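In what follows, a structure is listed as structure tokens, so that the remarks can point back to it.
The values are calculated or read from the model by the stated rules, or taken from the named source; none is laboratory data. What you see is a predicted model; the values in this text were computed from it and never measured. Neighbour counts run over all protein chains shown; Cβ positions are idealised from the backbone, glycine included. Note: areas computed on protein heavy atoms with side chains; ligands, DNA, RNA excluded. Shrake-Rupley method; radii C 1.70, N 1.55, O 1.52, S 1.80 Å.
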Amino acid sequence: MAWKFFKLSEFDCKHCGQNLMQSGFIDKLDELREEVGFPLHITSGYRCPQHNMVVSTTGPNGPHTTGRAADIGVDRARALIVLRAALDLGFTGIGIQQKGASRFIHLDDLEFGRPTIWSY
């Protein structure tokens, strides 16, 4: 599968290199990138269960292990632009981390019965 703005390798697990990203989710990210008009840096895409247990409180079955979640390194005014566009495009999980050195927005299209928008 080819996307206009992303390469599949951008979503590889940082622990083992595995990549089980769902193409439909990357399609949605590609649409988001088109909408916002600036590059979106993927800081975390697919995570194997072992890696997710180390870096997340969601354990071995968190959103990133499904291939339908990604973190985008973005801050300040651009974060607000991404947030608005993500809501318009129907992302169902939006986590916002906008303090400290590691600023990002988590996006997924899962339905866990959790809030649509949360902060870290």
Point to revise | Exposure of D30 as accessible area (Å², to 10), given a probe of 1.4 Å and all protein chains | key: 20 Å²
Revision key, fill the gap. Applied in sequence order to region 15-28, the curve 6.51 cos²θ - 1.76 cosθ + 1.60 (Karplus, θ = phi - 60°) yields integer Hz couplings, x standing for Gly and Pro, of 8, 10, x, 5, 8, 10, 5, 8, 4, x, 5, 5, 4, 5
Exercise for review: Could you state, as a whole-number percent, how many of the C-alpha pairs of region 1-45 are farther apart than 11 Å?
Suggested key: 67 percent
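In Å², what does the accessible area per residue of the chain work out to with a 1.4 Å probe? Please list the in-between numbers first.
Working: 6460 Å² over 120 residues.
On a per-residue basis, the chain sits at 54 Å².
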Review point. When only Cα pairs under 8 Å and 6 or more residues apart are kept, what is the percent relative contact order across the chain?
Key: 22 percent
Revision key, fill the gap. Expected field for R84, accessible surface area in Å² at 1.4 Å probe radius, rounded to 10, holds 140 Å²
Review point. What is the sum of charges around G59, taking Lys and Arg as +1, Asp and Glu as -1, for the other residues whose C-beta is under 15 Å from the C-beta of G59?
Key: +2
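If K99, K7 are ordered by their accessible area, calculated over protein heavy atoms with a 1.4 Å probe, which sequence runs from highest to lowest? Walk me through the intermediate numbers first.
Details: K99 120, K7 140 Å².
Sorted by accessible area, descending: K7, K99.
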Practice item. Would you mind checking which residues have amide H under 5 Å from T43's amide H? H placed 1.01 Å from N; only 5 or more apart, or other chain. Key: D71, I72, G73
Review point. About its Cα centre, how strong a charge dipole does the chain have in debye, to the nearest 20, once Lys and Arg get +1 and Asp and Glu get -1 at the Cβ?
Key: 380 debye
**Study point:** Once the Cα gyration tensor of the chain is diagonalised, semi-axes √(5λ) in Å
**Key:** 20, 17, 14
